[in-house]
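To start, the structure itself, in structure tokens.
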Amino acid sequence: MDFVSFLLVFFSAVAVSRAQVQQESSAETSEGTGINITCSHPNIQSDEYIYWYRQFPGRDLAFLVRAIKGSKEVLDPEGQLSVSADRRSSALWLKQPRLRDAAVYYCAVGTRGEEPGLRPGTN
């Protein structure tokens, strides 16, 4: 019997220092169907990186990827982080998400030397 499983991906905005980031509150896709999770960071400074994290229910945050420009491969979950040319937005593309990838995805902005102070729910 065939059935379609749905993956509900939540993501949240995180504020770090003077930079503000914004994201939609949730997205949904079919299992195995790629999805883009976007993040807006219009006040990013030239020395700041874009960080992406994932958090499963009841677990600690897990670092996924960091970039300052261009694109960067993500290994688990398989995908890619793309930073816009003006660096004011980024997108985390999950190539073939599975049910096990359902989590809260956070983006944050901060300098390379600092650990972004993640404060979920603040914009």
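Assorted remarks:
- For the pair Arg98 and Asp86, label points projected 7 Å from Cα toward Cβ lie 3.9 nm apart.
- Sequence ranges 30-41, 66-77, ranked by mean other-Cβ count within 10 angstrom, highest first: 30-41, 66-77
- Near the amide H of Gln20, within less than 5 Å, lie the amide hydrogens of Asn43, all on another chain or at least 5 residues away, with H placed in the peptide plane.
- Scalar couplings 3J(HN,Hα) for region 49-61, obtained by applying the Karplus form with A = 6.51, B = -1.76, C = 1.60 to θ = phi - 60°, are 9, 9, 10, 10, 10, 9, 9, 8, x, x, 10, 6, 4 Hz; x denotes Gly and Pro.
- Heavy-atom accessible area per residue - region 30-110, 1.4 Å, Å²: 51
- Around the amide H of Leu64, modelled in the peptide plane, lie the amide H atoms of Trp52, Tyr53, Arg54, all under 5 Å away and 5 or more residues distant in sequence or on another chain.
- Considering all different alpha carbon pairs of region 30-110, the Kirkwood hydrodynamic radius works out to 12.9 Å.
- Residue-wise HN-Hα coupling along region 75-91, computed from phi with Karplus coefficients 6.51, -1.76, 1.60 (Hz; x: Gly, Pro): 8, 9, x, 4, x, 7, 9, 10, 10, 5, 4, 8, 6, 8, 8, 8, 9
- Amide H contacts under 5 Å for Ile37, placed H, 5+ residues apart: Leu92, Trp93, Leu94
- Accessible surface for Arg54 stands near 20 Å², nearest 10, in the context of the full protein assembly shown (1.4 Å probe).
- Carbon and sulfur %, accessible surface of region 30-110 computed with the full protein complex present, 1.4 Å: 45
The values are calculated or read from the model by the stated rules, or taken from the named source; none is laboratory data. Worth saying up front: this structure is predicted, and the values here are computed from it rather than measured. In this analysis, Cβ positions are derived from the backbone assuming ideal geometry, glycine residues included, and neighbour counts consider all displayed protein chains. Just so you know, the surface numbers come from the protein's heavy atoms only, side chains and all, with ligands and any DNA or RNA stripped out. Shrake-Rupley method; radii C 1.70, N 1.55, O 1.52, S 1.80 Å.
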